[in-house]
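First comes the structure, then the notes that go with it.
Any read-out appearing in this document is the output of simple, stated calculations on the displayed coordinates, not a laboratory observation. Nothing here was measured: the structure is a model prediction, and the numbers come from that model. No Cβ is skipped: glycine too gets one built from the backbone with ideal geometry, and neighbour counts run over all protein chains shown.
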Amino acid sequence: MNAQDLDEWIGNIASGDRQALSKAITLMESSRVSDRDLAAQMIRRLPPRSHPALRIGLTGPPGVGKSTLVEALGVYLTDRGERLAVLTVDPSSALSGGSILGDKTRMPELARRENAFIRPSPTGAYLGGTGRQTREAILLCEAAGYDIVLVETAGTGQNEYLVSTMTDITVLLGLPGAGDDLQGIKRGIMEWADVIVVHKADEPNDPRVREALRDLGAAAHFLEARPHGQPRRVVAVSALRGTGLEELWKAICAIREVLVEKNLLGALRAEQLVRAYRERLKADLLERLLGRREVASYLADREKELREGKISPEESVENTLAFIFAANSK
Ligand SMILES: Nc1nc2c(ncn2[C@@H]2O[C@H](COP(=O)(O)OP(=O)(O)OP(=O)(O)O)[C@@H](O)[C@H]2O)c(=O)[nH]1
Ligand SMILES: [Mg+2]
């Protein structure tokens, strides 16, 4: 594809052609070398935005109701005239080898909206730990003119943390009365959250809902402040009943206002890029080193020594580093 074709493709995305946007996201998800080249070119050529979109990450344990909440909040927002893009990792599509139905059918109302775009991606596309595909998909949705980009990630492994490294605001969902830990939320993850939702609060006066609000509020209080300085808000929501959506949206907007007013958005996103660079570098460096035959065989020998009890892990690391750096300073 030549530069002219690429610019035409980008033009189609910018003018609201969903198929062009979908195809571009598929390109970002590909790991083929030739696709990667084209993807990188495309990202470089995307036109700058006059005002930034709002990037929201939504995370929480499986089954907590993330997709249902995206649908309810999405309908609420599109009714207010917002243009919304949803990126969602669809675990079922990984099993079926990339079928694209899954989460779209869980958002039937939103999927019909003119000013909403929903993109489910197979889990596999997001593995690899750096979240590159998600970051690039966000940029594409922004180039397509969406005001809000919502990313839903399954709350397993490091995804919960990862989503907070590429969005402006992280919303974390927990369930009332979920028992262990805090309503099903891992304490460490709360640190990354800006807004905490007690979800499936179908009956606001349910004592379990009140207890969850109290517990999570107290736990949030003892955490270190977020960089924007706003306290973490805890809100009760029922996507099923459509209650608490306004309060949730207000909590998100309050943080957005502070980010914009204090001019923090640029710095936040810049730090995210630096972090992405460092993590990518670490991963690639390791992969390249371990991919070298002489390094792999040196490592195999050290592991053999370790198994035979001939050397300590620490000494092995020292020797291995000396070997790698000696080999590379020649
Ligand atoms: N009672 C109640 N049930 C809800 C609510 N929201 C979602 N559910 C139900 O919870 C179940 C899981 O909902 P999903 O939206 O698929 O949950 P999820 O967090 O996206 O799940 P994964 O993407 O698989 O991690 C479904 O049966 C929903 O109908 C709610 O507000 N109240
Ligand atoms: Mg879901």
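Numbers below:
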{"quantity": "Highest-first arrangement of 45-52, 197-204, 296-303, where packing means the average Cβ count within 10 Å", "calculated": "197-204, 296-303, 45-52"}
{"quantity": "Of all DSSP beta bridges in the chain, antiparallel share, percent nearest 5", "calculated": "5"}
{"quantity": "Extension gain, residue 32 back to residue 315 (0.36 nm per residue minus Cα-Cα distance, nm)", "calculated": "98.0 nm"}
{"quantity": "Estimated 222 nm signal from helices in the chain, with DSSP H stretches of n ≥ 4 weighted -39500 (n - 2.57), rounded to 500", "calculated": "-16500 deg cm²/dmol"}
{"quantity": "Burial order of peptide ranges 209-218, 263-272, 145-154 (average beta-carbon count within 10 Å, highest first)", "calculated": "145-154, 209-218, 263-272"}
{"quantity": "Ordering of 62-75, 19-32 by packing [mean C-beta count within 10 Å, highest first]", "calculated": "62-75, 19-32"}
{"quantity": "Theoretical gain in end-to-end length, residue 224 to residue 8 [0.36 nm per residue, Cα-Cα removed]", "calculated": "73.1 nm"}
